[in-house]
Amino acid sequence: MEFGHRDGRAEPRRIDALLPKEMAKRAERIGAEKAEQDSLSLLVLGILAGAFVAFGATFAAAVTAGADAASSPGLVKLAGGVTFSLAYVLAIVGGAELFTTNNLMVMAWAHGRLTTVRLLRAWGIVFVGNFIGTVSTATLLILAGQHAQMEGSVGAGLLGTAAQIGGLSPSDGFVLGILGNTLLCLGVWLTYSARTTTDRIMALMLPVTAFYVLDFEHAIAVMFYLPSAVLIDLFAQPDFWILIDRQPADITLSSFLRVLASVTAGNIVGGGMLVALVYWFVYLRSGRF
């Protein structure tokens, strides 16, 4: 057993997971440290995280491509959810920054360690970075012909998801955004208890999988799926459309912005209020006043 030292006394180093009050302190500290990073670092980390979401979403589309969803829809979605988790494993374990999970910075803000200006600055830079990362990676994936893989099933899956998201009303997008980021931020919250990389991955998997299976929404997925549909429409060969027997998704700039705005607002409520603010209230508020 390894020993640490505090005030000259030897103590056994803990190897068990952190408890919720310790997790809250860790989340507060991490949120403050993230917000204080320089703008260029935040932007690059946001671009990386956007790219990771694009990889995870395309991976999920490839795994579920051509699957018989009519006979076993739950299993198909489960497979998609597990593979989509790649996005969050890469982002959280790899240290990239997602706007959605950065809503947990509200804990540091509520505790007075982060000003409103610094909070909004960090969110804004990461949001822009996420958009650049998703769209640029989607462009590379489409130019590489990934949409045509498996006889066009991958592209058909992406188009189907884009059509579903693009058809959301503002109220539906808002509510699904609340639910979606509640689950995703709970997944990240659980990682604050982790002692090892394996712990962090296992903590993330179920909440992220549930988010995918339940068809909840988050802003970074909107940034990937809707532009992907437009890119497929621009670059796909005529035989692709014949093969999948589907019309291009009707995605306009106004529909994209409408859905993105409503889902983003819901994400802030879900992650920032229902997760971050609630846990701050329970575990940290006594040290604030």
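The values are calculated or read from the model by the stated rules, or taken from the named source; none is laboratory data. Because the structure is a prediction, the values reported are computed rather than measured. Cβ atoms come from the backbone with ideal geometry, glycine included; neighbour counts cover every protein chain shown.
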Check your understanding: All but one of (1) assigned to a helix (DSSP H, G or I); (2) more than 21 Å from Thr139 (Cβ to Cβ); (3) without any contact (Cβ under 8 Å) to a residue 24 or more places away in the chain hold for Gln247; which doesn't?
Key -> (1)
Revision key, fill the gap. Per the filter on segment 94-124, residues under 21 Å from the mean Cα position of the chain (by Cα), assigned to a loop (DSSP other than H, G, I, E, B) and surrounded by 21 or more Cβ atoms within 10 Å (Cβ to Cβ) are Ala96, Glu97, Leu98, Phe99, Thr100
Point to revise | Residues satisfying the stated conditions in segment 239-260, i.e. touching a Gly at 6+ places or on another chain (Cβ under 8 Å), closer than 26 Å to Leu168 by Cα and of a type outside the set (D, E, K, R) | key: Ile244, Ala249, Ile251, Ser255, Phe256, Val259
Practice item. Go over the candidates Phe174, Phe211, Phe235, Phe240 one by one and state the one that is of a type outside the set (Asp, Glu) and under 21 Å from Ala49 (Cα atoms). Key: Phe211
Revision key, fill the gap. Pairs returned, first residue in segment 152-176 that is more than 14 Å from Phe224 (Cβ to Cβ), second residue that is among the aromatic types (Phe, Trp, Tyr) and buried (at least 22 other Cβ atoms within 10 Å of the Cβ), beta-carbon separation under 7 angstrom, 6 or more apart or interchain, are Leu176/Phe216
Check your understanding: Which one is surrounded by the most Cβ atoms within 10 Å (Cβ to Cβ) among residues in segment 250-289 that are touching a residue at least 12 places away in the same chain (Cβ under 8 Å) and assigned to a loop (DSSP other than H, G, I, E, B)?
Key -> Ile251
Point to revise | Flag if Phe174 is assigned to a loop (DSSP other than H, G, I, E, B) and among the aromatic types (Phe, Trp, Tyr) | key: no
Study note, to complete from the structure: Quick count over segment 245-266, residues being at pLDDT below 95 and under 17 Å from Asn130 (Cα atoms), is 0
**Study point:** One residue from Asp233, Asp239, Asp215, Asp199 being on the phi > 0 side of the Ramachandran plot and of a type outside the set (Lys, Arg)
**Key:** Asp215
Check your understanding: Can you name the condition, by its number, that Tyr225 falls short on among (1) of a type in the set (Ser, Thr, Tyr); (2) exposed (fewer than 15 other Cβ atoms within 10 Å of the Cβ); (3) modelled with pLDDT of 95 or more?
Key -> (2)
**Study point:** Conditions (1) under 19 Å from Val93 (Cα atoms); (2) acidic (Asp, Glu); (3) not in a helix (DSSP H, G or I); number of the one not met by Asp215
**Key:** (1)
Exercise for review: Determine which single condition Asp38 fails, assuming it passes every other condition in (1) surrounded by fewer than 15 Cβ atoms within 10 Å (Cβ to Cβ); (2) at pLDDT below 95.
Suggested key: (2)
Check your understanding: Among Gly173, Gly157, Gly152, which is the only one that is more than 15 Å from the chain's Cα centre (by Cα), of a type outside the set (D, E, K, R) and on the phi > 0 side of the Ramachandran plot?
Key -> Gly152
Review point. Here are some residues: Leu190, Leu168. Which one is in a helix (DSSP H, G or I) and surrounded by fewer than 24 Cβ atoms within 10 Å (Cβ to Cβ)?
Key: Leu190
Exercise for review: For Ile132, state whether it is of a type in the set (A, V, I, L, M, F, W, C) and surrounded by fewer than 24 Cβ atoms within 10 Å (Cβ to Cβ).
Suggested key: yes
